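One structure is given here, and the rest of the page talks about it.
The values are calculated or read from the model by the stated rules, or taken from the named source; none is laboratory data. Quantities reported herein were computed from a predicted structural model and do not represent experimental measurements. Neighbour counts run over all protein chains shown; Cβ positions are idealised from the backbone, glycine included. Remember, those area values only see protein heavy atoms, side chains included, never the ligands or the DNA or RNA. Shrake-Rupley method; radii C 1.70, N 1.55, O 1.52, S 1.80 Å.
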Amino acid sequence: EQGLSQFVQNLEETLLSESFWNNQLVAEFDKTNLSTQYWYTYLVAQQKLRKQSFLNKSILTGETLLEDIHHIFPRAYLRDSGFTQNDWNKIANFTPLKRDTNIAVSNKSPKEYLSLITNGEGNLISSDIANKNELIENLKHNAIPEIAISGQSDNYKEFLIERQKLMAKMVREYYESL
């Protein structure tokens, strides 16, 4: 048994190095294909770590997985701002979301729809988050950087880079909890 334990430890040290967690995994979230083990592992991590659903603190992420997959920076918003399909379909721009919230968000920029919450009007987008502090906590649960609060097309690329790192960090947190 000691031999197996040492073997697994050696595998982890070789395959799951700091470079894997901080570079390789981060880069996987820059891709546009949601049918990857990395996207699914991220979703499992969120669910197993019992994270809140995006924009709804009373619902856990696993409860919204079968609803909509939402573009955090909506597709139409980015298209109208000159971005391409390759830009808006990055894995780091997706999150599960309740269907009614997704419809209410529509093509608003993150700055626009998140300001409804910080102004106490989250009910307009079917959100039960009441204030900025609750919103910041909810963003953490969803590996979404706070820059999203001021999210507009001019900071979209920076948002993606930060989100990719946070998603990788959550997957690592889940792995290390096993």
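Size descriptors for the stretch 8-56, from the alpha-carbon set: Rg then Dmax equal 13.2, 41 Å. Other residues whose C-beta falls under 10 angstrom from the C-beta of Ile129 contribute a net charge of -1, scoring Lys and Arg +1 and Asp and Glu -1. Phi angles across the stretch 108-125 convert, under the Karplus curve 6.51 cos²θ - 1.76 cosθ + 1.60 with θ = phi - 60°, into 3J(HN,Hα) values of 6, 5, x, 4, 5, 6, 6, 5, 4, 6, 5, 8, x, 10, x, 4, 5, 10 Hz, Gly and Pro given as x. What a 1.4 Å probe finds exposed on the stretch 95-138 is 43% carbon and sulfur by accessible area, rounded to a whole percent.
Over the C-alpha trace of the stretch 10-115, radius of gyration and Dmax come out as 15.5, 50 angstrom.
The residues of the stretch 1-147 have, on average, 52 Å² of accessible surface per residue, using a 1.4 Å probe with all protein chains present. Evaluating 6.51 cos²θ - 1.76 cosθ + 1.60 at θ = phi - 60° for every residue in the stretch 149-162, the Karplus couplings come out as 4, 9, x, 9, 4, 6, 10, 4, 4, 5, 4, 4, 4, 5 Hz, glycine and proline recorded as x. In terms of Cα to Cα distance under 18 Å, which lysines are near enough to Lys157, apart from those fewer than 8 places away along the same chain? Qualifying lysines at Cα under 18 Å: Lys31, Lys90, Lys108, Lys111, Lys165. Evaluated at q = 0.09, 0.11, 0.15, 0.16 Å⁻¹, a Debye calculation over the C-alpha positions of the chain (equal weights, vacuum) places log10 I(q)/I(0) at -0.32, -0.47, -0.83, -0.93.
With all protein chains in place and a 1.4 Å probe, the accessible surface of the stretch 1-83 carries 49 percent carbon and sulfur. Go ahead and collect, in residue order, the members of the stretch 26-66 whose backbone nitrogen is under 19 Å from a label point 7 Å along the Cα-Cβ direction of Ile103. Hits in the stretch 26-66 for Ile103 at 19 Å: 54-56, 64-66. Across the protein chains, with a 1.4 Å probe defining accessible surface, the residues Thr95, Thr32 rank Thr32, Thr95 from largest area downward.
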